[in-house]
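**Student:** Questions regarding the structure given below will be posed in turn.
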Amino acid sequence: MGVDANMTIYPRDPKFNWNQRYNLLFLDNPCGVGFSWSHQECYATDEETVGSDLADALTQFYELFPELLESELFITGESYAGKYVPAFAYTLFTRNKDASNQHINLKGISIGDGAMSPPDQFFGYGDLLFNAAMIDSREREVFNSYESKMREALNDGDPVGAFDQFDEMLNGDFMEVPTYYKNVTGLDNYFNFMQGDCGSCVPEYYGDCLGPPGTSNFLDSLEWSGASAYASAAKEIWSISSGSPQSLDDPIAGYRKVVEDYGFTYAVVRGAGHMVPGDQPERAYDLITSFVDGN
């Protein structure tokens, strides 16, 4: 289902429903969000606890449905799940090393538009909006000023102060007056302001419309065994029907960098905002099926 600008619910095209190919399990996480609840002392206060709680929940799920235990498991999530998905997968990976634990057939993770490294990803909005002709050079300097204060707060070990600057500039969660972004663009929907190019990449996909440049900066600086292979990987043009553009009837879906030896792909989805499956359901469907099916 989808929700339009008038807040009317409508059915999406069933051709691109993920549940026509796979079993899906949705988890409200961390405990206390969505429909999940517990006693206050049980709420997670760090990512290690989040990973442990999710792994415990999945173990209980398999106890109820043991026939699914041998099925391949792919963990997916978007936005702040850029932190939760790796924590969840790492906990399962670690527990699988202990033969006394129930073995879970974890095969991969997929992160869409993931918030993983604020110092790398939560900057550059002024340049992004300026290049989209949505603000002028003076307004870009105001964005840059906000971002300088955010970086200074982070360097001082003050994440709340950094968030306050971000909230005033763009987010508006705790603002009783319009954000600076709202004042200069007239828009509220900053996550999808142009349904613009967004990323999907993981250690077989994972994504980011917290700005593709920010995600690229994060991936370029990430220390891991495949870093040199990723740095030397060529950017490829990607389309849905054939994997490469063939004609005007075969539009470019996006771009990707693939490191096959390490099972890692970073993809940028054209024409999508922060919510890729909603903005570009066919392209998102192609991404997830290619990932799960090993194509």
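**Student:** Which order do the peptides 212-223, 262-273, 132-143 come out in when sorted by mean C-beta neighbours inside 10 angstrom, highest first?
**Tutor:** Values: 212-223: 17.3, 262-273: 22.1, 132-143: 14.4.
Highest to lowest by the protection proxy: 262-273, 212-223, 132-143.
**Student:** Averaging over every viewing direction, what projected area does the convex hull of the Cα atoms of segment 2-111 cover, in nm²? Kindly include the intermediate steps, with their values, before the conclusion.
**Tutor:** Values: hull surface 36.0 nm².
Hull-based average projected area comes out at 9.0 nm².
**Student:** Can you give the charge dipole size of the chain about its Cα centre, rounded to the nearest 20 debye, using +1 on the beta carbon of Lys and Arg and -1 on the beta carbon of Asp and Glu? Could you put the intermediate results ahead of the total?
**Tutor:** Numbers: 17 positive and 45 negative charges, 134 e Å.
Computed charge dipole of the chain: roughly 640 debye.
**Student:** If a/c stays under 1.5 just call it rounded; otherwise compare a/b with b/c (prolate if a/b is bigger, oblate if not). Do that for segment 133-192, with a ≥ b ≥ c from the square roots of the Cα gyration tensor eigenvalues. Walk me through the intermediate numbers first.
**Tutor:** Numbers: a/c = 2.54, a/b = 1.41, b/c = 1.80.
Here segment 133-192 falls in the oblate category.
**Student:** Note the listed values (i) 1.21; (ii) 1.14; (iii) 1.05, then indicate which one is Cα Rg over 2.2 N^0.38 Å calculated from this particular structure.
**Tutor:** Checked against the structure: label (iii).
**Student:** Could you tell me which residue out of Pro159, Tyr125, Met169 lies farthest along the dipole of segment 120-177 toward its positive end? Charges go on the beta carbon: Lys and Arg +1, Asp and Glu -1, centred on the Cα centre.
**Tutor:** Towards the positive end, the residue furthest out is Tyr125.
**Student:** At a 10 angstrom cut-off on C-beta neighbours, averaged per residue, how do the peptides 283-289, 67-73 rank from highest to lowest? Numbers along the way, then the final one.
**Tutor:** Numbers: 283-289: 21.9, 67-73: 12.9.
With the highest mean Cβ count within 10 Å placed first, the list reads 283-289, 67-73.
**Student:** Another question, then. Comparing Ser100, Ser228, Ser145, which has the greatest mean-square fluctuation in the GNM of the chain with Cα pairs linked when under 10 Å apart?
**Tutor:** Between Ser100, Ser228, Ser145, it is Ser100 that shows the largest mean-square fluctuation.
**Student:** In what sequence, highest mean first, do 149-159, 44-54 appear when ranked by Cβ atoms within 10 angstrom?
**Tutor:** Values: 149-159: 14.3, 44-54: 17.0.
Top to bottom by mean Cβ count within 10 Å: 44-54, 149-159.
**Student:** Take the alpha-carbon centre of segment 102-120, take the same for segment 44-87, and report the distance between them in whole Å.
**Tutor:** That distance is 11 Å.
**Student:** Now for a separate question. Which percentage, to the nearest 5, of the DSSP beta bridges contained in the chain is antiparallel? Please report the intermediate quantities before stating the final value.
**Tutor:** Working: 19 of 27 bridges.
Of those bridges, close to 70 percent are antiparallel.
**Student:** Which value, to two decimals, describes the C-alpha radius of gyration of segment 65-121 once divided by 2.2 N^0.38 Å?
**Tutor:** Values: Rg = 13.3 Å, N = 57, 2.2 N^0.38 = 10.2 Å.
Expressed relative to 2.2 N^0.38 Å, the Cα Rg reads 1.30.
**Student:** Taking neighbour Cβ counts within 10 Å as the exposure measure, how do Trp224, Trp18 sort from fewest upward? Intermediate results must be reported in sequence, preceding the final value.
**Tutor:** Details: Trp224 12, Trp18 16.
Lowest count first: Trp224, Trp18.
No value in this document is a laboratory result; all are computed from the given coordinates. A quick note: this is a predicted structure, and the numbers were derived from the prediction, not measured. Ideal geometry is used to build each Cβ from the backbone, glycine not excepted, and the neighbour counts take in all protein chains shown.
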